[in-house]
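For reference, the structure discussed in these notes is given below.
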Amino acid sequence: MDQLIEWDKKHFIHPTSSIRDQQEKGAKVIFEKGEGIYLTDKNGKKYIDAMSSLWNVNIGHGRKELGEAARQQMDQLAFSSAFSTFSHEPTIQLAKKIADLAPSNLNAIFFTSGGSESNDSAFKLVRHYWRIQGQPERNKIVSLKRGYHGVAAGATSATGIPEFWDMAGQLQSGFVHAATPYWEGTQGSIKSIREVIEAEGPETIAAFIAEPIQGAGGVLVPPSDYFQEIRKLCDDYGIVFIADEVITGFGRTGTMFGLEHSGVQPDMMTFAKGVTSGYFPLGGVIVSDQIHGVLKEKSMGTLFHGFTYSGHPTAAAVALKNIEIIEKEGLVENSRKMGELLLEGFKKLKADLQIIGDVRGVGLLGAVELMEDPSANKRFSPELKVAGKVIEALHQRGVICRAVAYEGTDIICFSPPLVIKEEEVKTLLEKLREAISEVAQELSVKS
Ligand code: PMP
């Protein structure tokens, strides 16, 4: 164990982690096993994985069928390229399956290995789409503040959380950000987007991208009319609307895709995470029949965009089995039902514990926001690191959650596996109550 911690410090640069914390304290936990909603570490301590790891292990841990699907595909054909129109059956089957599940106007898919690659691919595809129609000046991408779209060059630039920008040195040109509807409301956000578009020049805007619910930004749920207004605005300006369903896809919000709650169809949709429940890296961009039509008609020569693993057959076989499980076991429905219980529980906590400012959730994507004085909308001082303390108190009780503390907020995010059961939701809520009460007491805030 000590040897592993030492090698971790010496040789493993962790993603989105504090290098200083790693060097001072060593790896936080070394996990060894996963089953259902639980993870077990090398010391045998069991945790509820209330984040589905990174919002992605939708069918839960330890499903042998996925390993079996991967093994069978690897035995048969582990990998062959999909470049130059070479093909193979699992990816064709998966493309057809996803087209059947996606909104009716979205039927053609470009595959990647994850969410960031999917968003960068969407940006390149949409710019290509305008260029081949004789409008190369339409190349700017509008996104929302507090949105998260990944860490590749374009995705970082589209992300509206400044903490992620520093490492890029500078953002790519052609990315502009507008106000989020969570704080500004539908009209405030729409107004801000219009202002951005008008300032940049509508003829220079290629696309607008947003998550149906801003996940990494703190599970910021927009007003229910928001995406209808977005659809109208994009239509007004002839802008392509890209829905980033990397978190919200494949059942997370109690519908197969998050935008279904709004009854709105995007022109492009990016996905990753839940498509394989994290058992194999995979993502993609689904484009509308209209966009696909233009590509088919006007895209001459080679489409110079493709990752080695675009259309990986083993990833496709794993995704097909994962989607089969989601459908057969009614996990979208379970996400909706358990999500309702979770939100009800959050509301009870809010009624009882003074430092809870807001609770929200759609399906199994939820958040509890902490405030010093909710009635005055007063946040805690960031130095107190209140959300971090609650996460730590939860950790001690065997629950893994995620804190979001950008811009002085203290948000605890929840995204448990879609297989979670009623009893497990109750346990999670009990532990949350204990953890928040403990921190509230520590802060000497009456709770
Ligand atoms: N978009 C959204 C909405 C995400 O939440 C994420 C990852 N958390 C990404 C894109 C990036 O995906 P990846 O980490 O697989 O590149």
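The values are calculated or read from the model by the stated rules, or taken from the named source; none is laboratory data. This is a predicted model, so every value here is computed, not measured. So basically every Cβ, Gly included, is an ideal-geometry build from the backbone, and we count neighbours across all protein chains shown.
Out of ILE291, ILE325, report the one residue that is farther than 21 Å from GLN72 by Cβ, surrounded by fewer than 24 Cβ atoms within 10 Å (Cβ to Cβ) and modelled with pLDDT of 95 or more.
Working: ILE325 fails: farther than 21 Å from GLN72 by Cβ.
It is ILE291.
Residue check, GLU137 against (1) surrounded by fewer than 20 Cβ atoms within 10 Å (Cβ to Cβ); (2) within 15 Å of the ligand (Cβ to nearest atom), all met but one. Which one?
Going through the list (1) surrounded by fewer than 20 Cβ atoms within 10 Å (Cβ to Cβ); (2) within 15 Å of the ligand (Cβ to nearest atom), GLU137 breaks only (2).
Look at ALA206 and say whether it is surrounded by 14 or more Cβ atoms within 10 Å (Cβ to Cβ), part of a helix (DSSP H, G or I) and assigned by TED's automatic domain parsing to the domain that holds GLN133. Working first, answer last.
Values: surrounded by 14 or more Cβ atoms within 10 Å (Cβ to Cβ): yes; part of a helix (DSSP H, G or I): no; assigned by TED's automatic domain parsing to the domain that holds GLN133: yes.
Spelling it out, it is not the case that ALA206 is surrounded by 14 or more Cβ atoms within 10 Å (Cβ to Cβ), part of a helix (DSSP H, G or I) and assigned by TED's automatic domain parsing to the domain that holds GLN133.
Looking at THR40, THR85, THR91, can you tell me which residue is without any contact (Cβ under 8 Å) to a residue 12 or more places away in the chain and closer than 24 Å to SER113 by Cα?
Values: THR40 fails: closer than 24 Å to SER113 by Cα; THR91 fails: without any contact (Cβ under 8 Å) to a residue 12 or more places away in the chain.
Answer to the selection: THR85.
Which residues, taken from the stretch 210-245, are in a helix (DSSP H, G or I) and either among the hydroxyl-bearing types (Ser, Thr, Tyr) or crowded, with 24+ Cβ neighbours inside 10 Å (or both)? Reasoning before the result, please.
Step one: of the stretch 210-245, the residues in a helix (DSSP H, G or I) are 226-237.
Selection gives TYR226, PHE227, ILE230, TYR237.
Restricting the first residue to the stretch 314-339 and requiring it to be not assigned by TED's automatic domain parsing to the domain that holds SER277 and in a helix (DSSP H, G or I), which pairs with a second residue that is polar (S, T, N, Q) and at pLDDT below 95 meet a Cβ separation below 6 Å and a spacing of at least six or different chains?
none
Taking the residues in the stretch 142-155 that are in a helix (DSSP H, G or I) and more than 10 Å from the ligand (Cβ to nearest atom) as candidates, determine which candidate is surrounded by the most Cβ atoms within 10 Å (Cβ to Cβ). First the steps, then the outcome.
Step one: list which residues in the stretch 142-155 are in a helix (DSSP H, G or I), which gives 153-155.
Among the residues that remain, those that are also more than 10 Å from the ligand (Cβ to nearest atom) are: 153-154.
Details: ALA153: 14, GLY154: 24.
This residue is GLY154.
Could you pull out the residue among LEU418, LEU443, LEU384, LEU432 that is in contact with a Gly (Cβ under 7 Å, 6 or more places away or on another chain) and either within 12 Å of VAL368 (Cβ to Cβ) or touching a residue at least 12 places away in the same chain (Cβ under 8 Å) (or both)? Before you say what the answer is, go through the steps one by one.
On the way: LEU443 fails: in contact with a Gly (Cβ under 7 Å, 6 or more places away or on another chain); LEU384 fails: in contact with a Gly (Cβ under 7 Å, 6 or more places away or on another chain); LEU432 fails: in contact with a Gly (Cβ under 7 Å, 6 or more places away or on another chain).
Just one listed residue meets the conditions, LEU418.
If you check PHE123, PHE111, which single one turns out to be part of a strand (DSSP E or B) and either touching a residue at least 12 places away in the same chain (Cβ under 8 Å) or among the charged types (D, E, K, R) (or both)?
Numbers: PHE123 fails: part of a strand (DSSP E or B).
It is PHE111.
So which residues in the stretch 272-304 are more than 16 Å from the ligand (Cβ to nearest atom), in a loop (DSSP other than H, G, I, E, B) and in contact with a strand residue (DSSP E or B) (Cβ under 8 Å, 6 or more places away or on another chain), if there are any at all?
From the stretch 272-304, those more than 16 Å from the ligand (Cβ to nearest atom) are 287-304; that's our starting set.
Still in the running and in a loop (DSSP other than H, G, I, E, B): 299-304.
Within the stretch 272-304, no residue meets the criteria.
Which one of these does GLY44 not meet: (1) at positive phi; (2) within 24 Å of the chain's Cα centre (by Cα)?
For GLY44, the exception is condition (2).
Among the residues of the stretch 79-132, which ones are of a type outside the set (Val, Ile, Thr), closer than 24 Å to TYR279 by Cα and within 16 Å of the ligand (Cβ to nearest atom)?
PHE110, PHE111, SER113, GLY114, GLY115, SER116, GLU117, SER118, ASN119, ASP120, SER121, ALA122 - these are the residues of the stretch 79-132 that are of a type outside the set (Val, Ile, Thr), closer than 24 Å to TYR279 by Cα and within 16 Å of the ligand (Cβ to nearest atom).
How many residues does the stretch 51-78 contain that are part of a loop (DSSP other than H, G, I, E, B), buried (at least 19 other Cβ atoms within 10 Å of the Cβ) and away from the ligand (no atom under 16 Å from the Cβ)? Talk me through it step by step, then tell me what you get.
First pass over the stretch 51-78, keeping only residues part of a loop (DSSP other than H, G, I, E, B): 51, 56-60, 62-63, 78.
Among the residues that remain, those that are also buried (at least 19 other Cβ atoms within 10 Å of the Cβ) are: 56-60, 63.
Filter once more, keeping what is away from the ligand (no atom under 16 Å from the Cβ): 59-60, 63.
The total comes to 3.
Are any residues in the stretch 223-271 touching a strand residue (DSSP E or B) at 6+ places or on another chain (Cβ under 7 Å), β-branched (Val, Ile, Thr) and away from the ligand (no atom under 15 Å from the Cβ), and if so, which ones?
Listed by number, the residues that qualify are ILE230, ILE239, VAL240.
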